[in-house]
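First up is the structure itself, then whatever we jot down about it.
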Protein chains: 2
Amino acid sequence: MSLWAKVCQGDFRAAAKLISIIEDNLKEAIPDLKNLYAKTGNAYIIGFTGAPGSGKSTLLSKVAREYRKQKKTIGIIAVDPSSHLSGGALLGDRIRMKELFGDDGIFIRSMASRGKSGGLARATSAAISVLDAMGKDIILVETVGVGQSEIDITKMAHSIIVVLNPDMGDEIQNMKAGILEIGDIFVVNKFDKEGAEQYFARLENILRAKELSNDWKPRILKTIATEEFGIAELVTSLEERAKYLSKCNRLAEYQQRKCRFEIADMLKDEINTKVLEVVMKSGRVNELIQQVIERKLDPYSAVEAVSERIQIILKDSHES
Amino acid sequence: MSLWAKVCQGDFRAAAKLISIIEDNLKEAIPDLKNLYAKTGNAYIIGFTGAPGSGKSTLLSKVAREYRKQKKTIGIIAVDPSSHLSGGALLGDRIRMKELFGDDGIFIRSMASRGKSGGLARATSAAISVLDAMGKDIILVETVGVGQSEIDITKMAHSIIVVLNPDMGDEIQNMKAGILEIGDIFVVNKFDKEGAEQYFARLENILRAKELSNDWKPRILKTIATEEFGIAELVTSLEERAKYLSKCNRLAEYQQRKCRFEIADMLKDEINTKVLEVVMKSGRVNELIQQVIERKLDPYSAVEAVSERIQIILKDSHES
């Protein structure tokens with residue numbers, strides 16, 4: 001039986017193998033990904049993001065256990081773009097998640113960039129599809145809140161949990177441009193720390209002042225993940241969010257946005273390859289580059305000059 | 001006087017202001033960047049990369065001081081993609097670098113992503129040009145070794161220093177695909193830690209076994225940055241590297257590679273915008289997207305079908 005067919009039957013080893021192929025070389029996995037795509041679209045995908053040390057791994061593992069009590073099957077993906085350098089963090093996560101291993105209803109996988117260029121977001125998206133095709137009800141994705149990773153997850157997940165801590169106090173102001181925009185549920189974890197109530201109040205004020213881009217009002221919750229405080233409430237909020245999405249065609253809109261984004265993103269790669277072939281080999285472009293090297297022209301003006309001359313045509317199928 | 005002209009006269013405040021504009025909205029800075037480009041190309045650009053906690057900030061500050069003893073002027077850029085989440089690290093760096101502030105020969109600047117999409121590498125490259133145009137002899141760029149940031153720096157710097165620690169022992173094996181490829185100089189910092197000599201020997205073995213992509217043999221050095229041990233040797237290696245590059249047209253090759261990369265990279269953006277305009281609005285493409293949403297078609301096959309039909313034409317200037 002082919003790999004994708006085994007994945008669709010829920011085979012753990014086949015899923016692990018396919019994700020390894022995705023990580024090593026996404027292109028090799030595409031035949032299987034094509035075949036299993038029809039079986040996707042049924043999972044509830046939840047992203048966890050927050051700074052290192054915010055306790056999001058522990059929180060994620062507690063949410064997984066809560067969902068297991070409801071007999072839901074779980075897939076977990078821990079995305080760690082830095083693991084080829086600082087592997088320690090991921091190892092720590094694995095230890096914290098150890099209590100979850102051995103439960104047949106839970107599949108856990110970590111993803112690292114392995115120094116490949118630009119591929120982690122796409123590999124993560126493909127890995128989510130694998131778990132989705134396996135039949136997992138709930139897919140929990142943990143991203144380290146660094147650089148672009150927390151932005152990428154918004155394209156992949158139905159619900160985004162932003163994990164914060166009371167001792168991040170002075171950072172709230174700086175975050176408004178980034179992380180506050182993407183959260184559907186904000187969790188102030190480690191709520192037993194000093195200043196928790198004040199932090200919560202400030203966060204509430206900032207979020208209340210925000211203009212909402214849609215009619216979902218972000219929830220703010222208090223948790224102490226290590227003591228399982230607030231976990232049931234978090235799962236309740238996640239289910240409220242799921243109900244919200246299932247109403248009024250919002251899921252269809254979400255699917256369309258996700259599809260368009262994925263296809264546009266992959267097309268960019270294809271087109272970039274063509275551009276490098278066609279444009280960067282042109283004699284005129286190489287003349288301009290030479291002028292830039294000699295500081296007779298600046299690179300910005302060179303790009304403008306080339307860009308004006310590039311034309312993109314979408315041939316009709318009957319023409320080709 | 002315009003901002004770029006002030007920058008070219010070495011004005012600190014003008015440089016700081018221009019870099020702020022670059023960070024906030026690179027497009028607004030382009031007129032000034034165009035004008036100052038002719039003044040660039042004279043600085044020796046050195047990248048420092050390594051895991052958080054490796055001591056690369058301290059090492060960088062000691063290298064800066066060593067170069068200051070030689071009356072060289074210094075520009076420092078600390079790139080921290082995570083600072084909008086974990087701002088603490090950068091603050092720590094600033095404190096460690098405090099001893100360098102107040103010296104007129106040193107300009108220090110930190111760059112953060114501020115949640116903007118994909119722009120940090122390009123903003124860093126533009127900031128390097130600003131310091132270069134200011135007339136700085138040496139530009140030291142610190143990147144957090146996370147995700148793609150350490151790959152990007154290889155496109156911008158003449159020399160890459162990879163900062164390692166003896167307690168990263170078990171990680172060496174995992175690193176071979178990534179960080180070991182990009183280092184021109186490897187520094188085992190915190191050499192007073194246990195196991196330093198063994199770590200050094202293992203690293204030496206791995207690097208010796210590597211096939212070199214050019215005729216520069218990577219150096220491996222021992223430092224204790226906090227005690228200024230090994231710093232003079234590091235600067236000597238950096239100068240050896242500079243001499244190596246200046247021989248046999250290697251700098252010209254480096255310049256050409258860098259220029260081609262920069263122009264191709266900027267062109268991709270221009271073209272991606274055009275693609276989204278032309279391709280994603282096409283009726284045929286939207287039909288395919290609908291099929292993907294309905295799971296009648298997978299996104300990979302959709303991309304292939306569209307990609308086949310895209311044609312890129314570079315019009316001649318006399319045609320336009």
Legend entry - Positions within region A:286-305 being at the interface with chain B (Cβ under 8 Å from one of its Cβ atoms) and acidic (D, E), in sequence order: A:D298
Inset, instruction - Could you tell me whether region A:257-278 includes any residue that is outside any helix (DSSP H, G or I), within 7 Å of chain B (Cβ to nearest Cβ) and at negative phi? - result: no
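Looking at B:L267, is it in the same structural domain as B:K155 (by TED's automatic domain parsing) and in contact with a Ser or Thr (Cβ under 8 Å, 6 or more places away or on another chain)?
No; evaluated as a whole, the condition is false for this residue.
Quick check, is B:E277 among the acidic types (D, E) and closer than 27 Å to A:M280 by Cβ?
yes
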Inset, instruction - Test each condition in (1) farther than 30 Å from B:G230 by Cβ; (2) at pLDDT 95 or above for B:A38 and report the one that comes out false. - result: (2)
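Check region B:213-229 and report whether any residue there is in contact (Cβ under 8 Å) with a residue 40 or more places away in the chain and either of a type in the set (A, V, I, L, M, F, W, C) or touching a strand residue (DSSP E or B) at 6+ places or on another chain (Cβ under 7 Å) (or both).
Step one: of region B:213-229, the residues in contact (Cβ under 8 Å) with a residue 40 or more places away in the chain are B:223, B:225-226, B:228.
Pick out the ones that are also either of a type in the set (A, V, I, L, M, F, W, C) or touching a strand residue (DSSP E or B) at 6+ places or on another chain (Cβ under 7 Å) (or both) and you get B:223, B:225.
Yes, there is a match, as at least one residue in region B:213-229 is in contact (Cβ under 8 Å) with a residue 40 or more places away in the chain and either of a type in the set (A, V, I, L, M, F, W, C) or touching a strand residue (DSSP E or B) at 6+ places or on another chain (Cβ under 7 Å) (or both).
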Inset, instruction - State whether the residues of region B:66-85 include one that is without any contact (Cβ under 8 Å) to a residue 24 or more places away in the chain, in a helix (DSSP H, G or I) and under 20 Å from B:T143 (Cα atoms). - result: yes
Legend entry - Checking A:G47 against (1) surrounded by fewer than 16 Cβ atoms within 10 Å (Cβ to Cβ); (2) in contact with a strand residue (DSSP E or B) (Cβ under 7 Å, 6 or more places away or on another chain), the condition it does not meet: (1)
Inset, instruction - Return only the number of the condition from (1) surrounded by fewer than 16 Cβ atoms within 10 Å (Cβ to Cβ); (2) touching a strand residue (DSSP E or B) at 6+ places or on another chain (Cβ under 7 Å) that B:S301 does not satisfy. - result: (2)
Inset, instruction - Taking A:R208 as meeting all but one of (1) modelled with pLDDT under 95; (2) out of contact with any Asp or Glu (no Cβ under 8 Å at 6 or more places or on another chain); (3) within 13 Å of chain B (Cβ to nearest Cβ), write down the number of the exception. - result: (3)
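How many residues, within region A:294-303, are within 39 Å of the chain's Cα centre (by Cα) and either at pLDDT below 90 or outside any helix (DSSP H, G or I) (or both)? Break it down into steps so the answer makes sense when it comes.
Start the filter on region A:294-303 by keeping residues that are within 39 Å of the chain's Cα centre (by Cα), which leaves A:298-303.
Now drop any that are not either at pLDDT below 90 or outside any helix (DSSP H, G or I) (or both), which leaves A:298.
So the answer is 1.
Residues are listed down the side, and each one gets a yes or a no for (1) modelled with pLDDT under 85; (2) more than 16 Å from B:S307 (Cβ to Cβ):
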{"position": "A:L234", "(1), (2)": "no, yes"}
{"position": "A:L238", "(1), (2)": "no, yes"}
{"position": "A:A242", "(1), (2)": "no, yes"}
{"position": "A:N249", "(1), (2)": "yes, yes"}
{"position": "A:E253", "(1), (2)": "yes, yes"}
{"position": "A:I263", "(1), (2)": "no, no"}
{"position": "A:D269", "(1), (2)": "yes, no"}
{"position": "A:K274", "(1), (2)": "yes, no"}
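Is region A:244-254 home to any residue that is assigned to a helix (DSSP H, G or I), out of contact with any Pro (no Cβ under 8 Å at 6 or more places or on another chain) and within 7 Å of another protein chain (Cβ to nearest Cβ)? Give the steps one after another, and end with the answer.
Restricting attention to region A:244-254, the residues satisfying the condition of being assigned to a helix (DSSP H, G or I) are A:244-246, A:250-254.
If we keep only those that are out of contact with any Pro (no Cβ under 8 Å at 6 or more places or on another chain) as well, we get A:244-246, A:250-254.
Still in the running and within 7 Å of another protein chain (Cβ to nearest Cβ): none.
No, there is no match, as no residue in region A:244-254 is assigned to a helix (DSSP H, G or I), out of contact with any Pro (no Cβ under 8 Å at 6 or more places or on another chain) and within 7 Å of another protein chain (Cβ to nearest Cβ).
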Legend entry - Test: residue in region A:211-229 that is surrounded by 15 or more Cβ atoms within 10 Å (Cβ to Cβ), assigned by TED's automatic domain parsing to the domain that holds A:V188 and of a type in the set (F, W, Y): yes
Inset, instruction - Quick one: which residue in A:S110, A:S86, A:S149 is modelled with pLDDT under 70 and under 17 Å from the mean Cα position of the chain (by Cα)? - result: A:S149
Legend entry - Conditions (1) modelled with pLDDT under 90; (2) hydroxyl-bearing (S, T, Y); (3) closer than 25 Å to A:A127 by Cα: number failed by A:S213: (3)
Inset, instruction - Under 6 Å between Cβ atoms, at least 6 apart or on separate chains: pull out the pairs that start in region A:165-190 with a residue that is at pLDDT 70 or above and end on any residue that is β-branched (V, I, T) and surrounded by fewer than 23 Cβ atoms within 10 Å (Cβ to Cβ). - result: A:I182/A:T154; A:F186/A:I220
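Given the structure, is B:V285 within 13 Å of A:I263 (Cα to Cα) and part of a helix (DSSP H, G or I)? Quick ask: steps written out before the conclusion?
Numbers: within 13 Å of A:I263 (Cα to Cα): yes; part of a helix (DSSP H, G or I): yes.
The answer is yes for B:V285.
Just checking, how many residues over region B:133-146 are small (G, A, S) and at pLDDT 90 or above? So that I can check it myself, show each step before the final result.
Step one: of region B:133-146, the residues small (G, A, S) are B:133, B:135, B:145.
Then drop every residue that is not at pLDDT 90 or above, which leaves B:133, B:135.
The qualifying residues number 2.
The values are calculated or read from the model by the stated rules, or taken from the named source; none is laboratory data. Just so it is clear, the model here is predicted, and its values are computed rather than measured. Every residue, glycine as well, gets a Cβ built from its backbone with ideal geometry; the counts of neighbours run over all protein chains shown.
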